[in-house]
Amino acid sequence: MVVRLNSNNNPFERENPNYQDVNDTNTYILKAGVIGHAQGAYQTLQSNNVYENKDFLATDEFVDSNGTNNTVNAGATDSTYNSTGDLYSISPVKGSSLDLDSTVYTSTSSSKTLVKTHTINATVFEHTNQIKTNNVNEWAQCEITFLYEDGTTFSVNSSLIASTTYVSETYTNPKPYLEVTSIEVKLQTENGISTAYVDENDVYGVTFTTGEVVICDTGTLTLDGAEKGLCVYTDATHTSNTSMTVKAGDGTLQTSAQTLVNNAIVFDISSLGAGTLDLEFALITSDVSETPTFKGWGVYLIK
């Protein structure tokens with residue numbers, strides 16, 4: 001089967017179904033169908049946790065930082081792997097303050113009591129505060145709960161504080177790539193006899209720097225220099241301010257960056273020679289508070 005590439009590289013634009021090559025009796029197929037091969041390989045790996053990269057197809061899923069098929073080149077990859085989401089994102093860096101609250105909140109309950117709710121609606125790097133008790137014989141503890149845009153939550157507890165002077169605590173957000181809608185602050189004492197205090201509840205945002213990459217070596221997908229195109233499918237999530245590009249290489253030469261459209265693209269790789277296929281995925285953002293997330297990929301070689 002021969003595949004003709006669209007001039008605008010839109011993987012979901014139909015080719016002329018009636019066009020035939022004079023040297024081939026097969027009708028040119030839809031690019032969407034070609035992308036289906038790459039996507040199918042990825043979904044097979046997702047379902048079975050096993051897929052052998054060979055011939056025209058290769059895939060990987062980032063169940064860990066190396067991927068199921070161990071294609072990730074850790075030494076060349078500068079984006080960050082997040083084990084909570086099983087994905088790569090632009091590396092999160094502590095940003096500017098989103099909410100600073102110097103109000104002192106108290107609790108005399110031995111149960112976790114809600115004392116403060118931050119309304120955020122932004123990506124968050126961390127929450128910080130200070131805790132103390134008025135009785136060194138009974139500890140105080142704070143619980144911070146991050147509530148995310150996708151409906152999930154994550155809670156983390158402070159140390160057990162048995163000090164009458166404030167002790168600083170930091171609660172790192174495990175999902176800095178997701179928007180946090182709100183943060184709940186809960187406070188308790190050990191036995192409900194003394195008073196627990198929490199002060200300086202501060203929330204800090206995230207800064208993402210565009211252009212970090214994930215480098216993947218297919219290993220067993222060999223190029224002979226006769227390949228015409230490459231279909232790439234990605235399992236990725238974007239906002240309107242984020243995107244991804246991909247480059248293909250043979251170990252020596254590399255194509256120009258191609259912007260993925262609807263998480264997929266078909267593009268010309270006829271400039272590549274013999275070698276082993278490698279891929280460079282770049283994570284792009286025009287908003288420093290947002291990042292694309294990337295969970296895996298599949299590719300199909302076209303001759």
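No lab work stands behind these numbers, since they all come straight from the coordinates. None of the values given here were measured: they were computed from a predicted structure. Note that each Cβ is placed from the backbone with ideal geometry, even for glycine, and that neighbours are counted across all protein chains shown.
Here are the numbers:
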quantity	calculated
Length released on extending from Ser182 to Ser102, taking residue separation times 0.36 nm less the Cα-Cα span	27.0 nm
Contact order relative to length of region 93-207, as percent, for alpha carbon pairs under 8 angstrom and 6 or more apart	48 percent
Charge dipole magnitude, Cβ of K and R +1, D and E -1 - region 75-219, Cα centre, debye nearest 20	340 debye
Estimated [θ] at 222 nm from DSSP helical runs (n ≥ 4, -39500 (n - 2.57)) normalised by residues in the chain, nearest 500	-2000 deg cm²/dmol
Distant-in-sequence amide H partners of Ser79 (H built 1.01 Å from N, under 5 Å)	Val213
Difference of contour (0.36 nm per residue) and Cα-Cα distance, Ser256 to Val63	66.6 nm
Rounded Å value of the spacing that divides the Cα centres of region 253-303 and region 110-173	41 Å
Gained length - Glu149 relative to Ser271, 0.36 nm times residue gap less alpha-carbon distance	39.6 nm
Relative contact order (percent, whole number), the chain, Cα cutoff 8 Å, 6+ residue spacing	24 percent
Rounded to whole Hz, the Karplus (6.51, -1.76, 1.60) HN-Hα couplings of region 63-71, x for glycine and proline	6, 8, 5, 8, x, 4, 9, 6, 8
Between helix 31-48 and the chain: long-axis angle, C-alpha atoms, 0 to 90°, nearest 10	50 degrees
